1. Count, please, the residues in the range 14-46 that happen to be in a helix (DSSP H, G or I), more than 15 Å from the chain's Cα centre (by Cα) and loosely packed, with under 10 Cβ neighbours inside 10 Å.
2. List every residue pair whose Cβ atoms sit under 8 Å apart, with the two residues 6 or more apart in sequence or on different chains, where the first one lies in the range 29-40 and is modelled with pLDDT under 80 and the second, anywhere, is loosely packed, with under 10 Cβ neighbours inside 10 Å.
């Protein structure tokens, strides 16, 4: 998200979640998914 020009406050408003903690949960899930896919498809990782 941060690398794509977004910020957590805009995401919070978009998702309509009041608690920032819930937004952080989604960001962490997305980050974990990206890393998993990177490791799965990257030819540079062993």
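1. Total meeting the criteria: 2.
2. none
The values are calculated or read from the model by the stated rules, or taken from the named source; none is laboratory data. Because the structure is predicted, anything quoted here is derived from the model rather than measured. Cβ atoms come from the backbone with ideal geometry, glycine included; neighbour counts cover every protein chain shown.
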